[in-house]
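For reference, the structure discussed in these notes is given below.
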Amino acid sequence: MTINAVRHAFERQSAACDALGSPFTARLCRLISARLTPGGAIADRLLNWSGDPSPQADSVPLRLAGCLHALVLEGLAPDLISVYPPHDAPDDRLWNAVEKALADHADFILARLRSAPQTNEVRRSGALLPGFLTIAELLGKPLVLSEVGASAGLNLQWDRYRYRLGDLAWGDPASTVEIAPDWHGEAPPEARISVLERAGCDLHPVNAADPAHRLRMLSYIWADQEDRLSRTRAALDIAARHGVTVEQADAIDWLGTRLASPRPGAVHVIFHTIAWQYLPAPLQAEGEALIAAAGGHATDDAPLARLALEADDRSHDGAALTLEIWPGGAKKEIGRGDFHGRWIRWAGW
């Protein structure tokens, strides 16, 4: 890749951060795009990136933003801390602090740049809940949960949060995690939900009880979005308290195992949020075939459902919230949601 491709990746990420409510990270990406020059270990690594640096591929801008935020969260770079939120500093001062951090912590940054960003956006549970309520209303059975790309499993424990979805209040009123997206549309169904079992997989699972894992996850949340940081900390605490664990596994192999046996008396729900799109196309096709084959063997006593919040060809209008149910294989777009869960436009089944 050329240096221009790397600079363009930072510019594109800047625009995305502006659109998703992080003016600080947008400004940081613009400065890096404009001012990073060859000559240092980090600059040379970034500007000569061997793969695709774009936000849709290697996400180089978010890798670097996560490195810098980690230094701030760990208290390792005082000059950087002094210009990071909640502080406000002019561009020149911010850039000088970034340059100093790149020089002083090159080994730390080079090591972390090897890994792709990893987040677990808790507010996406605000889109999942109305889907689970719909499944419970339609099928009247307890749920067995299987999440693909579960990261730390924060959205795997969606039933441990409290919600305000339009006029509907749902969940544990004492929960430290509240999810209240801008809601558009009629209220979702009110159905009784019981979760019998929950499991998730990820190539690089995060252990909510491990301080290093927690730091890594928090570092990829944009530094000026304190609400996301505090919500994620609270969700990590809940996951650690309940012993939520995510299995390290390939998604397709794991799905094959999870789908191998029917679950009589329960509905098995395969779900994923902004994760399926990152599987290579051949693996997506293999996964689709696995789920469809399992759906072909579903019965009224052991139904199967797939609930997904994923990008589609209308990504300018958020992500599609889709639900598919077997036996029968009926599939509908039941709503759309912001990629970070800030708003939900509900259509229903």
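The values are calculated or read from the model by the stated rules, or taken from the named source; none is laboratory data. Treat the numbers as computed from the prediction; the structure is a model and nothing was measured. Please note: Cβ atoms are built from the backbone with ideal geometry, for glycine as well, and neighbour counts cover all protein chains shown.
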Of all the residues that make up segment 128-145, how many are within 20 Å of ALA320 (Cβ to Cβ) and in a strand (DSSP E or B)? 0
Looking at ARG112, is it within 17 Å of TRP346 (Cα to Cα), in contact (Cβ under 8 Å) with a residue 40 or more places away in the chain and basic (Lys, Arg)? no
Between a first residue in segment 324-337 that is within 23 Å of LEU165 (Cα to Cα) and a second residue that is modelled with pLDDT under 95 and not in a strand (DSSP E or B), which pairs have beta carbons less than 8 Å apart while being 6 or more apart in sequence or on different chains? ARG336/ARG314; ARG336/ASP317; ARG336/GLY318; GLY337/GLY318
How many of the residues in segment 138-170 are surrounded by fewer than 21 Cβ atoms within 10 Å (Cβ to Cβ) and among the small types (Gly, Ala, Ser)? 3
Being over 17 Å from GLY341 (Cα atoms) and either of a type in the set (A, V, I, L, M, F, W, C) or modelled with pLDDT under 95 (or both), is that true of even one residue in segment 175-182? no
Hey, any hits in segment 184-194 for a residue that's buried (at least 19 other Cβ atoms within 10 Å of the Cβ), part of a loop (DSSP other than H, G, I, E, B) and over 20 Å from the mean Cα position of the chain (by Cα)? yes
Helices (runs of 4 or more DSSP H) wholly inside segment 1-108 containing at least 2 residues that are hydroxyl-bearing (Ser, Thr, Tyr), in contact with a helix residue (DSSP H, G or I) (Cβ under 7 Å, 6 or more places away or on another chain) and surrounded by 17 or more Cβ atoms within 10 Å (Cβ to Cβ): 23-35
Among ALA223, ALA234, which is the only one that is of a type in the set (Gly, Ala, Ser), farther than 30 Å from ILE325 by Cα and crowded, with 19+ Cβ neighbours inside 10 Å? ALA223
Taking only segment 146-177 into account, find how many residues are in contact with a His (Cβ under 8 Å, 6 or more places away or on another chain), in a loop (DSSP other than H, G, I, E, B) and either outside the structural domain of GLY243 (by TED's automatic domain parsing) or of a type in the set (A, V, I, L, M, F, W, C) (or both). 1
Residues being of a type outside the set (Val, Ile, Thr) and touching a Pro at 6+ places or on another chain (Cβ under 9 Å): count how many of those fall in segment 264-289. 3
Only one of GLU324, GLU286, GLU310 is among the acidic types (Asp, Glu), out of contact with any strand residue (DSSP E or B) (no Cβ under 9 Å at 6 or more places or on another chain) and surrounded by 13 or more Cβ atoms within 10 Å (Cβ to Cβ). Can you tell me which? GLU286
Got at least one residue in segment 74-85 being within 16 Å of ARG12 (Cβ to Cβ), in contact with a Lys or Arg (Cβ under 6 Å, 6 or more places away or on another chain) and of a type outside the set (Ser, Thr, Tyr)? no
